[in-house]
1. May I ask for the angle, rounded to the nearest 10°, between helix 3-32 and the longest principal axis of the chain, with both axes built from Cα atoms and the value confined to 0 to 90°?
2. Would you calculate the separation in nanometres between label points at Ala56 and His70, each defined as 7 Å from the Cα along the Cα-to-beta-carbon direction?
3. Which one is right for this structure if Kirkwood radius over Cα pairs in Å is calculated from it: (i) 14.4; (ii) 14.7; (iii) 20.0?
4. Treating only the Cβ of Lys, Arg, Asp and Glu as charged (+1, +1, -1, -1), what charge dipole size does region 3-82 show about its Cα centre? Round to the nearest 20 debye.
5. Give, in nm to one decimal, the length gained when the segment between Ala18 and Trp88 is fully stretched (0.36 nm per residue of separation minus the Cα-Cα distance).
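Read the figures in this text as sums done on the coordinates, not as results from a lab. This is a predicted model, so every value here is computed, not measured. Positions of Cβ are generated from backbone atoms using ideal geometry, with glycine treated the same way; all protein chains shown enter the neighbour counts.
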Amino acid sequence: MDLAARIRRALQRAGRTAAESRRAYREGYQVASLPRDDEGRARIVCRRHAERRAVAVDDEGQPACYEAGHPDCEGCVEDVREGAVETW
């Protein structure tokens with residue numbers, strides 16, 4: 001493999017790593033920026049039950065009340081990760 005190819009691959013790896021780092025930072029910041037109660041639970045409005053809830057949210061932006069496959073729960077997780085979830 002020639003020098004130019006090695007440099008190109010190294011730059012591609014660095015670009016992917018930088019993109020992954022930006023995404024992880026953005027997701028972590030958004031989850032961390034949710035309003036919290038005294039016990040550290042995120043205060044969100046549940047789409048499924050249309051009620052205020054204080055729930056634990058993991059590092060990936062998934063609330064503890066999440067039910068896989070339910071459209072409201074799937075939408076909630078997307079909103080939490082994007083920082084667009086309704087809070088109180």
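1. Between the helix axis and the principal axis of the chain, the angle is about 10 degrees.
2. Taking the simple label geometry, Ala56 and His70 are separated by 1.8 nm.
3. (ii)
4. Details: 16 positive and 15 negative charges, 160 e Å.
The calculation lands at about 780 debye.
5. Result: 21.8 nm gained on full extension.
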